[in-house]
Amino acid sequence: MIEYLNGQLRSKTPTFAAIDVHGVCFGLSISVATYERLPDVGEPARIFTHLHVREDRLALFGFAEERERAMFRLLIGVPGIGPHLAQAVLSGMALGDLEQAICQGCAAELTAVKGIGRKTAERMILDLRDKVTPSGRWAGDTEPTGGAPSTPEAEAEKALVALGVSPAVARKALAKVRAAGGSSLSVQDMIKLALRER
């Protein structure tokens, strides 16, 4: 697994970027959103990656932030959505708009993206509604680089989601723990109590 690449940006287009890491140049498929956040060619760059393996080829996808990669991984888990269509979705909608469309069941907004038909949009909503939260965090997502420090409750929520608890159920259980005076507990204790509250 290649988690990210740190190197010099050699070239970029709205769909492709090349980054030189100590003399080895990696080509990555990217979204327009990532393209807009990349530095100028020749500047240092850090790109999060996802390696997609098929029988006949390996394809490396790049992302400016972990949040975008997390959504990409959710999208390719939906039947009928491959990695290139997932990149098209991320290019066609801002992450916040995509999240809202999924959470609110707005299939019409999703079908505005080229390649997404009504049935695929409905499948996206059905499969991802419980995995995408209105707060902008996704199951398995990590705190964005340079963001505010994660709170113990946020860490506990991530751990619960990783254990298979839906984000909505995890938040509700943690709210009960907090109401019972458990806001000063350790992450581990919060998780234990939250699992009992489910």
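Nothing in this text is a laboratory measurement; each read-out follows from the coordinates by a stated rule. Computed from a predicted structure; not experimentally measured. Don't worry about glycine lacking a Cβ; one is built from the backbone with ideal geometry, like all the others, and counts go over all protein chains shown.
Using every pair of distinct Cα positions in region 152-197, the Kirkwood expression returns a hydrodynamic radius of 9.9 angstrom.
Considering only THR151, THR111, THR34, the Gaussian network model of the chain with Cα springs below 10 Å gives its largest mean-square fluctuation to THR151. Only one of (1) 1.13; (2) 1.00; (3) 0.95 was calculated from the structure for Cα Rg over 2.2 N^0.38 Å, and its label is (1). Return the lysines within reach of LYS114: Cα separation strictly under 23 angstrom, same-chain partners fewer than 8 residues apart disregarded; answer none if there are no such residues. Those lysines meeting the cut-off are LYS12. On a per residue basis, the convex hull of the C-alpha atoms belonging to region 66-128 measures out at 69 Å³.
Working from label points 7 Å from Cα in the Cα-to-Cβ sense, the ARG10 to VAL24 distance is 1.3 nm.
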